[in-house]
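No value in this document is a laboratory result; all are computed from the given coordinates. All values derive from a computational prediction rather than experimental measurement. Backbone-built Cβ (ideal geometry, glycine too); neighbour counts: all protein chains shown.
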Amino acid sequence: MTTVPQTPFHDGRSIPQLGYGVWQVEDEVAADVVEQAIRAGYRHIDTAAIYGNEKGVGRAVAASGVPREELFITTKVWNSDHGYEEALAALDTSLAKLGTDYVDLWLIHWAKPTQGRYLETWKALIEAQRRGRVRSIGVSNFPAEQLEEIIEATGVVPVIHQVETHPYFQQRALRELEQRHGILHESWSPLGQGGELLADPVITRIAEAKGTTPAQVVLAWHLAHGFVVIPKSVTPERIVSNLEAVGLVLSDEEVARIDALDREDGRIGPDPAHIEF
Ligand code: NDP
């Protein structure tokens, strides 16, 4: 079975560098595919309150027979639950659905600057960690300004920042800021949601030369940069082959060719500075 390397957090803990993402996976389906993923060797599951599948993830974890302490579970607090008390209450709900008394990583899903409650919410994450309800705390979808603000205001640095990242959208400026603070970079939509990117000639040529799939090449690129990566698939063969990307090593030259695919307009999802949901 494939073993995934651990990447250290600045808080002394660590995270399996490749995990399994479950956005847009129905609760019933999650119960099945997450169990398949765990059997294949994934030990890190990335869910969120808003995905509506925390119960399914919890059922899969229970059915897998793998001890809870060997699994790494991330969930996220949704925008409508921002605020100190609101976020702590939302965590209780998430934990009940997951059927666990702690998560390994709790993230603020979006800063949502126009709502202006991300700092209070960050303080709730700090408190939840103090209470032992979450092992590590981080953020997702934070523009640089809001990321610096929560660090300055609390002195507590998120262990990780989960944002859209793939070869067409490489987040270079944000990565520099994260590096200065010792924050790990985590890539969401790492495969560019399975679209055009996987047919890019640079990617397919490397895949042909190495006898691998385009998705494995893209995942190996994230891993080569030290990013944490959470590909999603409900297709049994892809669940397995994506995980096997941890065994694929790209040369510096191959990494550089993929680095050169970065685009000004490569973003697929919403811009965290301007969301209204
Ligand atoms: P991904 O980049 O992981 O792409 C998923 C898509 O690619 C699916 O359609 C899947 O199809 C397809 N796919 C997967 N593996 C392969 C393969 N080997 N070959 C060809 N196609 C493949 O997109 P996501 O947006 O799902 O991102 C991954 C995870 O990131 C999410 O599940 C979630 O956990 C997290 N995320 C977090 C966000 C945030 O705001 N914090 C926002 C978005 C995502 P199929 O399933 O049919 O196999």
Quiz item: Using 0.36 nm per residue, how much length does the chain from ASP259 to GLN24 gain when fully extended, once their Cα-Cα distance is taken away?
Solution: 81.8 nm
Quiz item: With a sphere of radius 13 Å drawn around the Cβ of PHE277, what net charge do the other residues whose Cβ falls strictly inside it have (Lys, Arg +1; Asp, Glu -1)?
Solution: -1
Exercise. Could you tell me which helices of the chain pass both thresholds, a Cα extent of 20 Å or more along their own axis and a mean Kyte-Doolittle hydropathy of at least 0.0, with helices taken as whole DSSP H runs?
Key: 84-98
Quiz item: Do any of LYS76/LYS232; LYS123/LYS232; LYS55/LYS112; LYS55/LYS76; LYS210/LYS232 go past 21 Å between their Cα atoms, and which?
Solution: LYS123/LYS232; LYS55/LYS112; LYS210/LYS232
Practice problem: Report the charge-dipole magnitude of segment 60-126 in Debye, nearest 20, computed about the Cα centre from +1 at each Lys and Arg Cβ and -1 at each Asp and Glu Cβ. | Solution: 240
Self-check item: Percent of beta bridges antiparallel (DSSP, the chain, rounded to nearest 5)
Solution: 15
Quiz item: Once the other residues with Cβ under 9 Å from the Cβ of TRP221 are scored (Lys, Arg +1; Asp, Glu -1), what is the net sum?
Solution: -2
Quiz item: By counting other Cβ atoms within 10 Å of each Cβ, how are VAL246, VAL202, VAL103, VAL229 ranked from fewest to most?
Solution: VAL202, VAL246, VAL103, VAL229
Quiz prompt | Sorted by Cβ density within 10 Å, fewest first, the residues HIS109, HIS166 | solution = HIS109, HIS166
Quiz item: Calculated FRET efficiency, GLU208 and ARG180, Cβ-Cβ r, R0 45 Å, to nearest 0.05?
Solution: 0.70
Exercise. Classify segment 165-277 as rounded, prolate or oblate, taking a ≥ b ≥ c as the square roots of the eigenvalues of its Cα gyration tensor: rounded when a/c is under 1.5, otherwise prolate if a/b is larger than b/c and oblate if not.
Key: prolate
Self-check item: Within a Gaussian network of the chain (alpha carbon springs, distance under 10 Å), most fluctuating of GLY99, GLY12, GLY58
Solution: GLY12
Quiz prompt | Model label zone, ILE268; criterion: amide N under 20 Å from point 7 Å along Cα-to-beta-carbon; scope segment 1-23 | solution = 18-23
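Could you check what % of the DSSP bridge pairs in segment 144-273 are antiparallel, to the nearest 5?
Here the share of antiparallel DSSP bridges comes out near 10 percent.
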Self-check item: Residue-count net charge about TYR20 - beta-carbon cut-off 10 Å; Lys, Arg +1, Asp, Glu -1
Solution: +1
Quiz prompt | Rel. contact order, % - alpha carbon contacts under 8 angstrom, at least six apart, the chain | solution = 19
Practice problem: Enter the Cα centre distance for the pair segment 100-128 and segment 55-81, rounded to the nearest angstrom. | Solution: 17
Exercise. Express the relative contact order of segment 73-114 as a whole percentage, based on alpha carbon pairs under 8 Å and six or more residues apart in sequence.
Key: 61
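May I ask you to derive the relative contact order of segment 147-206, considering only C-alpha pairs under 8 Å and at least 6 residues apart, and to give it as an integer percent?
Here the relative contact order equals 33 percent.
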